[in-house]
């Protein structure tokens, strides 16, 4: 599990060096090319995300003294039959948002065809990476039903 986490962290850090922020003025497209401004990347911007990732990894242990285990024991003690199906559907919220916002009067910047292609590519990448990590990390579910708990589909 540690080699995978190190690999994922290195991907985040390496790709961050290549990112630049572009700000284009509200002028016409031809005038906007002269107003493109590149802001340098500051490593301090990664401090909070890296701290949160490390805290999540530290809390998410399988050992008997971990915070996750204590919360799981309390949940099973006080709510032994607890089951919600909302998580099964929350992973599809981006699809509903992509088309639902148009229906509510918030138009997208891209046309329907491009938006659909982008959404399909994004969902395929998310699903593939999530399933690969689930089968590699093998984190046990709180109810003990299987070892495909992390990362969860609804948070991916």
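Provide the packing ranking of 42-49, 119-126, i.e. peptides ordered by the mean count of other C-beta atoms within 10 Å per residue, highest first. Each step should come with its number before you reach the end.
Values: 42-49: 9.9, 119-126: 12.5.
Highest mean packing first, the order is 119-126, 42-49.
Peptides 73-81, 97-105, 136-144: what's the order by average Cβ count within 10 Å, highest mean first? Working shown, then result.
Details: 73-81: 9.7, 97-105: 11.3, 136-144: 14.2.
Ranking the peptides 73-81, 97-105, 136-144 by packing returns 136-144, 97-105, 73-81.
Calculate the tail of P(r) for segment 75-156: the fraction of all Cα-Cα distances greater than 19 Å, expressed in %. Can you show the working numbers first?
On the way: 1746 of 3321 pairs.
When all Cα pairs of segment 75-156 are counted, 53 percent exceed 19 Å.
For the pair residue 57 and residue 73, how long in nm is the line joining their label points, each one 7 Å along Cα→Cβ?
2.6 nm
Computed FRET efficiency, Cβ-Cβ of residue 155 and residue 37, R0 22 Å: what is it to the nearest 0.05?
On the way: r = 34 Å, r/R0 = 1.54.
That pair, residue 155 with residue 37, gives E of 0.05.
Every read-out reported here was derived from the displayed coordinates using simple, explicitly stated rules and does not represent laboratory data. In this text, all values refer to a predicted model and were calculated from it rather than measured experimentally. Virtual Cβ from ideal backbone geometry, glycine too; neighbours counted across all protein chains shown.
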